[in-house]
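Step one of this worksheet: look at the structure below.
Derivation of every value follows stated rules applied to the coordinates shown; laboratory data play no part. All of these numbers come straight from a predicted model, not from anything done at the bench. Using ideal geometry, Cβ is built from the backbone for each residue, glycine included, and neighbour counts are taken over all protein chains shown.
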């Protein structure tokens, strides 16, 4: 579990349960500051603590094993050519902004395809 | 591309259980790649299939690439009898998946999803690590470039957190 997973899971569980930090803390018989510090990433909770907090929000924490990622030489080669400036720009946007931007790009692509089709039709004798 | 706002409103309006996967999920995570269709993994419970069918009926789903006039009927019985469907609708192309290679069905994918807020809805999308896992498991050569971008994205997210 990376450092961001615990806070994200706890926040998601609390939001889905529509609980405030205080309400969740009360349900888990702990202090609000404990919840706040974990969500802010200031404290790394043990698995048992996280399970107890998530359970107080009405959820079960399940852990699964996933195969370890093996380095793939082709992927590594492709990765060198990824334009990371575009990714960084996107990461500054909200999810809705990202989706709206892609929808606009797609619409422009479709409009261009139509224009090309018309142009070809005009050229055909 | 399918207008997401309209589509999400239809699915959430009927309370359909689904997870967005594929290119649109990658875009939500920050991918710069353009995609034409929307892929979702839906829960195969009888009730959810009924909700899904009701939600999509206004968009007249039909088998993508199939000639008109086939005995295809968009109904709960059809979805129940099948699993994965590549569909065209009046608002765009849509892939409905009951199971995903290497990713399992809705229940498993839901465990590897994150909720994102967009267009006024909380929508589940496959998590970035699990999307990479699923793409790797599919083993399709065409996905290698996509995986490279997703892994670069993962690195950029980590870098931004530092």
| field | Convex hull (Cα only) mean projected area of segment A:1-70, reported in nm² to one decimal | value | 4.8 nm²
| note | Mean 1/r over distinct Cα pairs of chain A, inverted to a Kirkwood Rh in Å, yields 19.2 Å
| remark: With Cα coordinates, the longest principal axis of chain A makes an angle with the long axis of helix A:95-123, in degrees rounded to 10, of 10 degrees
| Relative contact order [Cα under 8 Å, 6+ residues apart], segment A:1-72, whole percent | 35 percent
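Percent relative contact order of chain B, based on C-alpha pairs within less than 8 angstrom and at least six residues apart? Intermediate results must be reported in sequence, preceding the final value.
On the way: 240 pairs, mean separation 39.7, N = 162.
Dividing the mean separation by the residue count of chain B yields 25 percent.
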| So, by mean Cβ neighbours within 10 angstrom, what's the order for B:116-123, B:20-27 with the highest one leading? | B:20-27, B:116-123
| remark: Helix A:47-56 sits off the longest principal axis of the Cα atoms of chain A, rounded to the nearest 10 on a 0 to 90 degree scale, by 90 degrees
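Please report B:142, A:118, A:79 as a ranked list, fewest other C-beta atoms within 10 angstrom at the top and most at the bottom.
In order of increasing Cβ crowding within 10 Å: B:142, A:118, A:79.
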| query | How long are the semi-axes of the ellipsoid equivalent to the protein assembly as shown, from square roots of 5 times the Cα gyration tensor eigenvalues, in whole Å, largest first? | reply | 36, 25, 18
| note | So residue A:69 and residue A:51, fully extended at 0.36 nm per residue minus their Cα-Cα distance, gain in nm 3.8 nm
| Taking 1 over the mean of 1/r across every pair of different Cα atoms in segment A:55-125, what Kirkwood radius in Å do you get? | 17.7 Å
| field | chain B, helix-only ellipticity at 222 nm - DSSP H runs n ≥ 4, -39,500 (n - 2.57), divided by all residues, nearest 500 | value | -12500 deg cm²/dmol
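With runs of 4+ DSSP H residues as the only contributors, calculate the mean residue ellipticity of chain A at 222 nm using -39,500 (n - 2.57) per run, divided by the residue total and rounded to the nearest 500.
It lands at -20000 deg cm²/dmol.
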| message | Shape verdict for segment B:109-162, please, from the Cα gyration tensor: rounded (a/c under 1.5), prolate (a/b greater than b/c) or oblate. | response | oblate
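In terms of the Cα gyration tensor, with a ≥ b ≥ c the square roots of its eigenvalues, is segment B:24-101 rounded because a/c is under 1.5, prolate because a/b exceeds b/c, or oblate?
In terms of gyration-tensor shape, oblate.
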| message | What do you get for the angle between helix B:144-161 and the principal long axis of chain B? Use alpha-carbon atoms, 0 to 90 degrees, nearest ten. | response | 60 degrees
| request: Any chance you could check the Cα centroid distance between segment B:80-106 and segment B:113-162 for me, in angstrom? | output: 19 Å
| request: Please report the relative contact order for segment B:58-97, taking Cα pairs under 8 Å with a sequence separation of at least 6, and give it as a percent rounded to a whole number. | output: 45 percent
| field | Ranked list, fewest to most other Cβ atoms within 10 Å of each Cβ, for A:72, B:47 | value | B:47, A:72
